[in-house]
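The values are calculated or read from the model by the stated rules, or taken from the named source; none is laboratory data. Small disclaimer: the values here were computed from a predicted structure and weren't measured. Cβ sites come from the backbone with ideal geometry, for glycine too, and all protein chains shown count toward neighbours. Heads up: the accessible areas ignore ligands, DNA and RNA and are worked out on the full protein's heavy atoms, side chains in. Shrake-Rupley method; radii C 1.70, N 1.55, O 1.52, S 1.80 Å.
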Amino acid sequence: MTDPGQRPNMVLTVLCGTFTALVVIVFARLAFGVLLPPMRADLGLSYQQAGTLGTVTALGYLLFVLAGGAAAARWGARRTVVFGLLTVTVGFAGLSLASSYPMLLFLKALLGFGTAFSFAPMVSLLAAWFPERRGLVIGCMSAGIGAGSLLIGFLVPWLYTQLGDTGWRLSWGIFAVTGLAVSALVLGVVRDPPGSRTAAGETPPSADKWLIYRHPRMLIVATTYGLIGLTYIIQVIFMVSFVVETGYSERTAGQLVAMMGLLSIAAGPAWGMLSDRWGRGNALTTAMVLVTVATVLPLLEQTLLMFFLHFLMMGLAVNGTFALVQASSTDQVAPRYIPIAFSYATVFFAFGQFVGPAIAGWLIDTTDDFRSAFLFSTVGLLMGTAMSYWIRSFPRELAVGEESVREAGRS
């Protein structure tokens with residue numbers, strides 16, 4: 001545990017984490033669902049092509065997330081996060097100008113690459129600086145996701161109204177300027193925890209990675225995170241289109257997304273604080289049940305009331321699932337292994353987000369019915385809820401600590 005006297009200002013450090021999440025999760029990943037209708041109209045994309053664009057972002061994330069964790073463990077989270085943010089900023093700038101499908105694919109993959117070097121290292125940094133309050137600080141970081149969802153829920157429809165089908169280009173440009181500003185903020189404010197970088201001649205944490213990768217508790221947490229990623233990306237990319245195709249306006253859909261984002265701002269910290277006191281598994285199971293019910297509602301009836309209840313319940317609970325499973329992955333290991341453990345769990349999350357859009361897009365194109373995609377999502381959520389219930393029984397001692405590594409080395 002870090003010495004409280006050596007810690008940086010908690011508010012400023014968490015604020016940097018919140019802005020990082022805003023850029024690399026909301027702008028680089030989630031905004032695509034809101035931008036998709038005008039992008040499809042302007043560029044003539046099919047739902048399968050749109051799903052593939054979401055998939056290549058997840059692929060870039062999947063292929064490099066372990067490298068991001070290793071980079072943070074070796075060279076420090078601060079440098080790694082800034083590198084990732086700048087890479088994402090380049091992707092945003094390119095998307096504001098690109099029209100050809102191959103270039104769109106490359107730039108969307110670049111967003112995933114940059115996210116791999118920024119989000120997981122920032123979560124690891126917060127968990128290492130504030131271990132006894134990691135549920136709260138990670139929950140506060142996730143508040144940036146809610147705030148960003150609120151922002152894009154109003155900004156993108158307004159730009160669409162003002163500029164027509166080309167308003168999505170200005171949105172990507174605004175994201176680029178924001179990404180550059182956040183990069184400068186992190187560079188100026190954030191500092192690495194003591195001992196977070198590998199000293200000369202010291203064995204790097206990655207040398208013990210297989211003790212983490214093979215541990216049953218890490219596999220359970222990672223699988224749960226993967227199922228959350230699989231189901232959530234389907235909701236983000238296709239639920240707005242579901243609302244619009246049902247007959248409601250883009251403005252109405254944007255307002256529902258904004259409501260979800262507004263609720264998510266407070267939900268992440270609230271669930272995190274609750275988990276610090278009640279237990280990670282208990283809080284995670286409750287949040288997963290709420291998200292599952294929210295996903296089922298539009299399957300029952302495609303009315304404005306059901307869509308409203310869906311976004312309402314998602315806003316209350318979905319950020320909780322992210323914050324709690326992320327905190328749970330950091331709970332399992334000693335501080336020096338947190339970047340490795342969280343990056344490993346994130347591989348499962350990224351794989352879920354990699355396959356989710358393509359499967360959902362194929363289901364929608366094949367059946368001509370959005371409900372098929374969300375039925376598939378519901379099955380995944382039920383599995384995730386069962387896994388989160390399993391986390392409730394985890395013991396308090398670390399799955400992989402300094403002592404267990406030394407014992408493994410002697411054996």
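Things worth noting here:
- Unmet criterion (only one of (1) out of contact with any Leu (no Cβ under 7 Å at 6 or more places or on another chain); (2) outside any loop (DSSP other than H, G, I, E, B); (3) open to solvent by 10 Å² or more (accessible area, probe 1.4 Å)) for LEU105: (1)
- Any hit, the range 84-100, residues being under 30 Å from ARG280 (Cβ atoms), buried (at least 22 other Cβ atoms within 10 Å of the Cβ), of a type in the set (A, V, I, L, M, F, W, C) and modelled with pLDDT under 90: no
- Within the range 333-349, residues that are hydrophobic (A, V, I, L, M, F, W, C) reach partners that are part of a strand (DSSP E or B) and open to solvent by less than 20 Å² (accessible area, probe 1.4 Å) with beta carbons closer than 7 Å, at six or more positions or on different chains, in the pairs VAL333/VAL400; ALA334/VAL400; ALA341/VAL333.
- Residue list for the range 228-257, restricted to those being open to solvent by less than 50 Å² (accessible area, probe 1.4 Å) and of a type in the set (Phe, Trp, Tyr): TYR232, PHE238, PHE242
- Checked against the criterion of being buried (at least 24 other Cβ atoms within 10 Å of the Cβ) and more than 25 Å from ASN319 (Cα to Cα), the candidates ALA73, ALA28 yield just one match: ALA73.
- Test: residue in the range 208-220 that is closer than 16 Å to PHE307 by Cβ and at pLDDT below 85: no
- Number of the exception - ASP368 against (1) open to solvent by less than 10 Å² (accessible area, probe 1.4 Å); (2) free of Cβ contacts under 8 Å to residues at least 60 places away in the same chain; (3) more than 18 Å from the chain's Cα centre (by Cα): (1)
- Flag if ALA58 is part of a helix (DSSP H, G or I), open to solvent by less than 20 Å² (accessible area, probe 1.4 Å), hydrophobic (A, V, I, L, M, F, W, C) and modelled with pLDDT under 90: yes
- Cβ separations smaller than 6 Å between residues 6+ apart or across chains give the following pairs from the range 263-287 residues that are within 17 Å of LEU312 (Cα to Cα) to residues that are open to solvent by 50 Å² or more (accessible area, probe 1.4 Å) and modelled with pLDDT of 90 or more: LEU263/LEU316; ALA267/LEU316.
- Against the conditions (1) assigned to a helix (DSSP H, G or I); (2) open to solvent by 30 Å² or more (accessible area, probe 1.4 Å), ALA283 satisfies every one except (2).
Rundown of residues vs (1) assigned to a helix (DSSP H, G or I); (2) in contact with a strand residue (DSSP E or B) (Cβ under 6 Å, 6 or more places away or on another chain); (3) at pLDDT below 95, yes/no style:
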{"residue": "LEU309", "(1), (2), (3)": "yes, no, no"}
{"residue": "LEU324", "(1), (2), (3)": "yes, no, yes"}
{"residue": "ALA341", "(1), (2), (3)": "yes, yes, yes"}
{"residue": "ALA345", "(1), (2), (3)": "yes, no, yes"}
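- For the condition free of Cβ contacts under 8 Å to residues at least 60 places away in the same chain, of a type in the set (A, V, I, L, M, F, W, C) and out of contact with any Asp or Glu (no Cβ under 7 Å at 6 or more places or on another chain), ALA222 does not qualify.
- Among the residues of the range 207-220, the ones that are farther than 15 Å from LEU382 by Cα and either open to solvent by 50 Å² or more (accessible area, probe 1.4 Å) or of a type in the set (Val, Ile, Thr) (or both) come to 8 in all.
- Residue list for the range 247-280, filter: within 17 Å of ALA327 (Cβ to Cβ) and of a type in the set (D, E, K, R): ASP276, ARG277, ARG280
- Among (1) in contact (Cβ under 8 Å) with a residue 60 or more places away in the chain; (2) farther than 27 Å from LYS209 by Cβ; (3) assigned to a helix (DSSP H, G or I) - the single one PRO8 does not satisfy: (3)
- Of all residues in the range 114-133, those being within 26 Å of LEU35 (Cα to Cα) and either open to solvent by less than 10 Å² (accessible area, probe 1.4 Å) or in a helix (DSSP H, G or I) (or both) number 6.
- If the condition is being crowded, with 17+ Cβ neighbours inside 10 Å and modelled with pLDDT of 85 or more, then the range 391-411 contributes ILE391, PHE394.
- Taking the listed residues THR378, THR385, the one that is closer than 21 Å to ARG280 by Cα, at pLDDT 90 or above and of a type in the set (Val, Ile, Thr) is THR385, with no other qualifying.
- Of the criteria (1) open to solvent by less than 20 Å² (accessible area, probe 1.4 Å); (2) under 15 Å from the mean Cα position of the chain (by Cα); (3) not β-branched (Val, Ile, Thr), which one PHE354 fails: (1)
- Every listed requirement among (1) farther than 17 Å from ALA345 by Cβ; (2) part of a helix (DSSP H, G or I) is met by LEU97 save one, (2).
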